[in-house]
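What follows is a short report on a single structure.
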Amino acid sequence: MDKNRKTKLLKETDLLSFFDESTLGQLVDHCREISLAPKEVLFSEDDLENAMYLILEGQLEIYKGPKQIAILGPGQYLGEMSLIESKARSASARAQETTLLMEINEENFHTYLASEPQALLAIMRTLSSRVRNDLEIMMKDLRKLSIFTHDIRNFLSTLGLAELTLEDTAELLGGTQSKHTKRDGYEDIEHCQHVVETVRTNLMELLDSSLNHIKKIKTEYVKSKHPILPILKETVAGLSTHPQLKNKTVDIIPEGNSLDAVFNPLDIQRVLQNLIINAGYVTESGGKVEVHVTRSNEFLKVGITDKGCGIPEDVQGYLFKDTLTTKKDGNGLGLLSCKDIIETNHQGKLWFETESGKGTTFHFTLPA
């Protein structure tokens, strides 16, 4: 793009409209022009660089993980917060089509913009507009989530009918008197009844907790002392048909006595499910996942070990920060949820040890 067209476009943007053409011409002379091909990434989330960009032609997609945040076009700008705060990028940007940008680096920003009240006011207006837009999107998402959660709860209530049917069937197979011999299939039906009841109860509790959180209703987080082994055995049994654990074994290896701790059973079961499924995902068919339980001073320690290839070094720093996932059907929220449950709700600790080519162990502790 020639200098005159660039200068004219800059004059039409709220950020630079008050400058005379001579000053804008100087800015154009000092700023680098960047051309991006379709789908080419301008910068990625967490990149450390101090520059903002003004779009001259084309379109940029702003995204965070899999979620699209905005589409920006000619005359719009981005990246100003990296100059104001000197912090890493909070989102990623890539071209949707062939795109032409003008880069305003830190030196140019301080020379032409930082000392100009009108420029700073324009930036404030842009930031205010973005915050308003983000809040509107968040409120819409929360409303949808609230409705969705409420509807799931209604659907789950119909499982009560299945429970009654299983209960009646169990009574028939078990006999109406103590002297009657239990028929074949009684134990299976009784087990199915227990599973349906447990799943329905747990899901109802999770949904109620989610609805309370959305509605900002404060509820007490209930923890009490429990033995960990029954929870572990129930979790492993429930995961026996999970696709990631097909043709794989999960060994529970308790070490020592008094393997009790203070915890919320449902949430710790969620942590165990996530960590065991993750371990199963990287375990080869015919392999095994080990769950070690030990007592360490005032804490109960649980370790879930796989024999996979280990966690790449360039990924390790993101595990508990971002919605990072290597599963095609995953969303990366599992480990974030585990960390919140263990460290925020239970005042424990969650960490991992990994070795390339040998596998990974995720450890967590609970107050005993």
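Numbers for the structure displayed
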quantity: Pairs where the first residue, in region 126-154, is farther than 19 Å from residue 84 by Cβ and the second is among the small types (Gly, Ala, Ser), C-beta under 7 Å, 6+ apart; calculated: 149/210
quantity: Matching residues, region 210-256, being without any contact (Cβ under 8 Å) to a residue 12 or more places away in the chain, over 23 Å from residue 196 (Cβ atoms) and in a helix (DSSP H, G or I); calculated: 212, 213
quantity: Hits in region 121-143 - residues which are out of contact with any Asp or Glu (no Cβ under 9 Å at 6 or more places or on another chain) and surrounded by 14 or more Cβ atoms within 10 Å (Cβ to Cβ); calculated: 130
quantity: All positions within region 333-347 that are more than 12 Å from residue 223 (Cα to Cα) and polar (S, T, N, Q); calculated: 337, 344
quantity: Test set (1) under 30 Å from residue 205 (Cα atoms); (2) surrounded by 12 or more Cβ atoms within 10 Å (Cβ to Cβ) - residue 51 fails condition number; calculated: (1)
quantity: Qualifying strands (runs of 3 or more DSSP E) (wholly inside region 31-109; at least 1 residues being of a type in the set (D, E, K, R), out of contact with any His (no Cβ under 6 Å at 6 or more places or on another chain) and farther than 19 Å from residue 133 by Cβ); calculated: 32-36, 51-57, 92-95, 99-105
quantity: Residue that is surrounded by the fewest Cβ atoms within 10 Å (Cβ to Cβ), among those in region 82-108 that are without any contact (Cβ under 8 Å) to a residue 40 or more places away in the chain and hydrophobic (A, V, I, L, M, F, W, C); calculated: 84
quantity: Top-ranked residue in region 35-48 [being surrounded by fewer than 16 Cβ atoms within 10 Å (Cβ to Cβ) and under 17 Å from residue 1 (Cβ atoms); ranked as farthest from the chain's Cα centre (by Cα)]; calculated: 35
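So that you can scan it fast, the table gives a plain yes or no per residue for (1) of a type in the set (A, V, I, L, M, F, W, C); (2) assigned by TED's automatic domain parsing to the domain that holds residue 338; (3) modelled with pLDDT of 90 or more; (4) on the phi > 0 side of the Ramachandran plot:
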{"position": "208", "(1), (2), (3), (4)": "no, no, no, no"}
{"position": "232", "(1), (2), (3), (4)": "yes, yes, yes, no"}
{"position": "240", "(1), (2), (3), (4)": "no, yes, no, no"}
{"position": "251", "(1), (2), (3), (4)": "no, yes, yes, no"}
{"position": "256", "(1), (2), (3), (4)": "no, yes, no, yes"}
{"position": "261", "(1), (2), (3), (4)": "yes, yes, yes, no"}
{"position": "273", "(1), (2), (3), (4)": "no, yes, yes, no"}
{"position": "276", "(1), (2), (3), (4)": "yes, yes, yes, no"}
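The values are calculated or read from the model by the stated rules, or taken from the named source; none is laboratory data. Everything quoted here is computed from the prediction, not taken from an experiment. Cβ atoms come from the backbone with ideal geometry, glycine included; neighbour counts cover every protein chain shown.
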